[in-house]
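Step one of this worksheet: look at the structure below.
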Amino acid sequence: MGSGNEQFLNLTLKVWRQKNSKTAGTFETHQLTGISTDMSFLEMFDVLNEKLIHEGKDPIAFDHDCREGICGMCSMFINGRPHGPKQGITTCQLHMRSFKNGDTIIVEPWRSAAFPVIKDLSVDRTAFDRIISSGGYVSVNTGNAQDANNILIPKSAADEAFAAAACIGCGACVATCKNGSAMLFVSAKVSQLALLPQGQAERKERVLNMIAQMDAEGFGNCTNTGACEAECPKGISIENIARMNREFIGASLTTPNK
Amino acid sequence: MSKLDSKIPEGSLDQKWTKYRSTIPLVNPANKRSLEVIVVGSGLAGASAAASLAEMGYQVKVFCFQDSARRAHSIAAQGGINAAKNYQNDGDSIYRLFYDTVKGGDYRAREANVHRLAEVSGNIIDQCVAQGVPLAREYGGLLSNRSFGGTQVQRTFYAAGQTGQQLLLGAYSALQRQVGTGMVTMLARHEMLELVTIDGKARGIIARNLITGELEKHFGHAVLICSGGYGNVFYLSTNAMGSNATAAWKAHKKGAFFANPCYTQIHPTCIPVSGDHQSKLTLMSESLRNDGRIWVPKKKEDVEAIRAGKLNPNQIKPEDRDYYLERRYPAFGNLVPRDVASRAAKERCDAGYGVNKTGQAVYLDFAHNMKYKYGKMEATKKGIQNPTEAQLEALGMDVIKEKYGNLFDMYEQITGVNPYKNPMQIYPAVHYTMGGLWVDYNLMTTIPGLYALGEANFSDHGANRLGASALMQGLADGYFVIPYTIGVYLSTEVTRMSNEKDKADSIDKVKTKHPEFDKELAEVKARIDKFLTIKGTQSVESFHKRLGKIMWDKCGMARNKQHLTEAIKEIQDLRAEFWKDVRVLGTADEFNPDLEKAGRVADFLELGELMCKDALHREESCGGHFREEHQTEEGEAKRDDVNFAYVAAWEFKGESNFELHKEELKYENIKIAARSYK
């Protein structure tokens, strides 16, 4: 439907092209004309790819799926910022009305040692899955649960856990961090489960194991620059990192042989 | 005699599942370790099934085309999940959830399946809470509920507007835990491209590693299709871009019957189309209808003034607004089921009352409840006497923000319009497919050893799904049904294995070395090579768009004989054109998203035809299937229970050749009646 103020833009796009993880990449420049301000950023890429296919050129590979800001698959680094110039949204939610006629837009993949490029703008984020496998769960087999209302959870704790659980695992925090740190991602899961009664039994083990896996994957450490929080499309708070550090120290000091 | 045996257990409705569950043959733990199960898809159904089966001791392989199991489109479900907990003490019960679901499905679902779904619904909530899923709570620490369409009790559990995300992440964490223990092998960025059957049984799949392009052979004693629905046949839908029918369609072409393909759910509250560039449509949760009132202007001149940008809808007086759902359906009002609400919006827009440039939009307006419901409530709480209109608005806005904040933000991002100050514009869009692979009570398809779970099967929603029931069904199938029912088949496999243990060429020893795997792999390779060698002039995307337009125009919210007949021919022609003129670039042995899409669109081009054929044969209106020839004078759907109270299950016989099989639906516990929400 659009805002009723539809305009059409002419744009220069500089897009990262890289055949696979073994070859070096380079920027490729494309001119686009008549891009509607009602289009989403990814729809602008659809238009570009349609043009490339028409010209017999290899379309640009990029990750995307739900296009409603929740699956966490889209992952473009736009003009030096993950998910582009607007705060609190993913690339798929970014619309062209955020750009001006004549703009040059630079689009890169997430860049981090722990996220190798697969092709063009697609990267491999399976490190995140391995971190979750190392402890980002409550060990409860199907059928073991008691009635859901048997344990009361104060609304404030449930809300705070939910705010941390809203992480979509997109990796913008890693991409924007000068250290390539995954602390915001890991701390969101650690916090969610530390805040809920269901997470208590494995609380110490969880934080120790998840941090060990995070380090093993090659993510950097946190130096409190706060870029992750500023760029997180879901507004995950950096307070979670502080909480994870407390959890980690507490667990380290009280767990034998760790 | 029908080929279809639904295997519904004997006994009274409320005892069927309990009794049956206790009599299913068990597989002992030692034998479970030697049984392999393939799960295709990692959404609510797939992830919950895989985690549960791995916990039980089976060896599980999970496939998804995305980069992680956590991306599956279940994640986008907004509003909630139903469960017959009766926590609100408002008269809910298992029977009532069962009854509402059968009625909501317009009496086209199987009683026994739906009752089982209602029975396990409470266990799902327990399981999710135990996993640490942060569902919404009241101040006292108890779980909170809200209402959804088609029901008069509060039984919907939720986590803001992100219920699907939280439930999926719960199932995903259970799945990743099993990946960590080695019981599940996770194959992300892999796509199933063929089902392998040997001696009539499902024995594995051919999958493509989407990064390297390599074709892989995978063996399983059972294969579970949990790959979701096929709404993307319509090109524009609320589905994710990658959502596809390929796994289900390949299974269908190998012998699994496809049931009720024409039953598609058009969701009433989506953000309208903005232009030709549109790649997908975004849902605004049904929960918004709790507080949003749907209307269009009563006067044509107001409609024209709005379209011309000369009139703000807020200026239209209450008496000049047509709250058409409240007018037509006073008992349920804005909370009528989805199919009813969608058709009513179409009716108003077709009559010329659509409120945007395309004429295809109606208002969903929160102003009234914001001020006079929540604003007043907050003012009372705060002891503000005689609050001004502005105060009421500000106080109410905070409540609306708390309840629906993420949805309102999403709306503003997409449209550039502030929905706190202006009514939302909405229009129906394709959202869910009730049809799917035919399954029996055990969730097994017509191919032994092949199962379908979640949206990929047809079983529980009849002709129309009620809101907040998809999450319930996906998780019921995965957590609480398949772990039991798979034993019926796998216990026979155990017997077979023990009989064949000295046989050198038994399938358990040969596995993917069986020649059938090589044959299927060669066929998949040939199909991929064909895409790359056509070297035509039109993109895959452009064919998908054209198919979508045919489907939406002629097999969408309202259907008739003439349009459906035309659509079948048009789809056949489009398919022929596709195979002559499609252009797919790049190679087969690399990451090639356009090649992936070519395969999916090729399958949609076959499925679309079957949907139209099913819609054409069903000479009645029911649920999501509305035939213009079959309506009352008031424009309500007219069902034909004498001739069409059956499941239409189609058998693939060759290109454009499908044979109909009927499973009669017997209602022994619910009196089949006209479905009224007036």
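Couple of notes before you dig in:
- Global form of the range A:8-118, assessed from the alpha-carbon gyration tensor, a/c cut-off 1.5: oblate
- Shape metrics for chain B, restricted to C-alpha atoms - Rg then Dmax, Å: 25.0, 88
- Computed over protein heavy atoms with a 1.4 Å probe, the accessible surface of chain B works out to 34 Å² per residue.
- Average Cα contact separation per residue, chain B, under 8 Å, 6 or more apart, as relative contact order %: 20
- Of interest is the spacing of the C-alpha centroids, which for the range A:35-76 and the range B:88-137 amounts to 39 Å.
- Karplus 3J(HN,Hα) series, Hz, for the range B:493-507 with 6.51 cos²θ - 1.76 cosθ + 1.60 (x for Gly, Pro): 5, 4, 4, 4, 4, 5, 5, 9, 5, 9, 8, 5, 9, 5, 4
- Inter-chain Cβ neighbour count for A:112-120, averaged per residue, equals 2 (cutoff 10 Å, partner chain atoms only).
- Computed over chain A: relative contact order in percent, which uses C-alpha pairs under 8 Å that are six or more apart: 19
- Solvent-accessible area lost in complex, 30 Å² minimum, residues of the range B:130-166 relative to chain alone, 1.4 Å: B:130, B:131, B:132, B:134, B:137, B:139, B:141, B:142, B:162, B:165, B:166
- Within 10 Å of the Cβ of each residue in A:12-22, the mean number of Cβ atoms contributed by other protein chains is 1.
- For the pair residue B:500 and residue A:124, a Förster radius of 45 Å applied to the C-beta separation gives a FRET efficiency near 0.65, rounded to the nearest 0.05.
- Relative packing of peptides B:614-623, B:283-292 - highest average C-beta neighbours within 10 Å first: B:283-292, B:614-623
- Residues whose amide H lies under 5 Å from that of residue B:185, counting only those 5 or more places away or on a different chain, are B:60, B:61, B:62; hydrogens are built 1.01 Å from N in the peptide plane.
- Annotation: per residue accessible area for the range A:76-137 equals 30 Å², rounded to a whole number [probe 1.4 Å, protein chains only].
- Qualifying chymotrypsin sites (Phe, Trp or Tyr not before Pro) for the range B:132-191 [loop in DSSP, other Cβ within 10 Å: at most 13]: B:139
- Where only DSSP H runs of four or more residues are counted, the protein assembly as shown gives -11500 deg cm²/dmol as its mean residue ellipticity at 222 nm, each run worth -39500 (n - 2.57).
- Cα gyration tensor shape for the range B:265-351, rounded if a/c is under 1.5, else prolate or oblate: oblate
- With a Förster radius of 30 Å applied to the C-beta separation of residue B:34 and residue B:527, the computed FRET efficiency comes to 0.35.
- Surface composition of the protein assembly as shown: carbon plus sulfur atoms hold 50% of the accessible area, using a 1.4 angstrom probe and ignoring ligands, DNA and RNA.
- Buried accessible area, chains B and A (both chains, 1.4 Å probe, Å² to nearest 100): 6400
- Considering all C-alpha pairs of the range B:537-678, those separated by over 23 Å amount to 48%.
- Heavy atoms of residue B:484: accessible area, 1.4 Å probe, square angstrom to 10: 90
- Reducing the range B:473-507 and the range B:574-596 to their Cα centroids gives an inter-centroid distance of 38 Å.
- Kirkwood hydrodynamic radius of the protein assembly as shown, from inverse mean 1/r over distinct Cα pairs, in Å: 28.2
- For the range B:271-318, a drop of 30 Å² or more in accessible area on going from the chain alone to the assembled protein chains (1.4 Å probe) is found at B:274, B:277, B:279, B:280.
- Of the Cα atoms belonging to chain A, the radius of gyration and Dmax stand at 20.7, 65 Å.
- Residue A:36 long-range amide H proximity, modeled H, under 5 Å: A:9
- Low-density loop positions, GluC sites (Glu not before Pro), the range B:72-144 - DSSP coil, at most 16 other Cβ in 10 Å: B:138
The values are calculated or read from the model by the stated rules, or taken from the named source; none is laboratory data. The shown structure was predicted, so the numbers you read here are calculated from the model rather than taken from an experiment. Backbone-built Cβ (ideal geometry, glycine too); neighbour counts: all protein chains shown. The area values use the complete protein model at the heavy-atom level, side chains included, leaving out ligands, DNA and RNA. Shrake-Rupley method; radii C 1.70, N 1.55, O 1.52, S 1.80 Å.
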